[in-house]
1. List pairs: first residue in region 85-100 and farther than 16 Å from M36 by Cα and without any contact (Cβ under 8 Å) to a residue 24 or more places away in the chain, second residue among the small types (G, A, S) and buried (at least 18 other Cβ atoms within 10 Å of the Cβ) anywhere in the structure, Cβ distance under 8 angstrom, at least six positions apart or on different chains.
2. Can you run down the residue pairs with Cβ atoms below 7 Å, 6 or more apart or on separate chains, where the first is in region 1-23 and in a loop (DSSP other than H, G, I, E, B) and the partner is acidic (D, E) and surrounded by fewer than 16 Cβ atoms within 10 Å (Cβ to Cβ)?
3. Could you say whether any residue in region 31-41 is part of a loop (DSSP other than H, G, I, E, B), at pLDDT below 90, open to solvent by 70 Å² or more (accessible area, probe 1.4 Å) and on the phi < 0 side of the Ramachandran plot?
4. Across region 6-20, what is the total count of residues that are open to solvent by less than 80 Å² (accessible area, probe 1.4 Å) and more than 22 Å from Y83 (Cβ to Cβ)?
5. Exactly one of (1) part of a strand (DSSP E or B); (2) within 16 Å of M95 (Cα to Cα); (3) not charged (D, E, K, R) is unmet by L26. Its number?
Amino acid sequence: SGEFIATYTLSGGDVSGSTNNSALVLFRAGADQLIMRKGDPAPGVGGSTVTPGSFSQYLNGSNMLFTGTLVGGSVTTANDAAYYTNVGASSGVRMWAREGDPIPGLDGLTFKSATSFAFSQRPLASD
């Protein structure tokens, strides 16, 4: 269908130095969509902003996963990695995991980083 998701470095327009110079964009015929831009408020983390990461995945014209780096508020180097999806979000995206968060069902283990994402080939349900 010619749809894809990618992270871009931006220039011109309202770009202000490195404050808002990158963005995650979903390209689809006739309906390109800005998903997240560097400096946007971080979904799920009050008082923080997010920079979309370069690692993302898009499946079946609807589901996406991607990384982001958090800045500001109570964010530290121990919890600045975030993982976002639109699966289960009423609109936009939601954070589904954050560095330092407990991993449900794996007693005592926490998220550190992800090296890959994968979608099943069946419809995904909200969690």
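1. Short answer, once both residue conditions are applied: A97/A82; E99/A81; E99/A82.
2. Taking only residues 6 or more apart or on different chains, not a single pair turns up.
3. Yes - at least one qualifying residue is present in region 31-41.
4. Final tally of qualifying residues: 6.
5. (2)
The values are calculated or read from the model by the stated rules, or taken from the named source; none is laboratory data. Just so it is clear, the model here is predicted, and its values are computed rather than measured. FYI the Cβ positions are ideal-geometry reconstructions off the backbone, even for glycines, and counts take in every protein chain you see. Heads up: the accessible areas ignore ligands, DNA and RNA and are worked out on the full protein's heavy atoms, side chains in. Shrake-Rupley method; radii C 1.70, N 1.55, O 1.52, S 1.80 Å.
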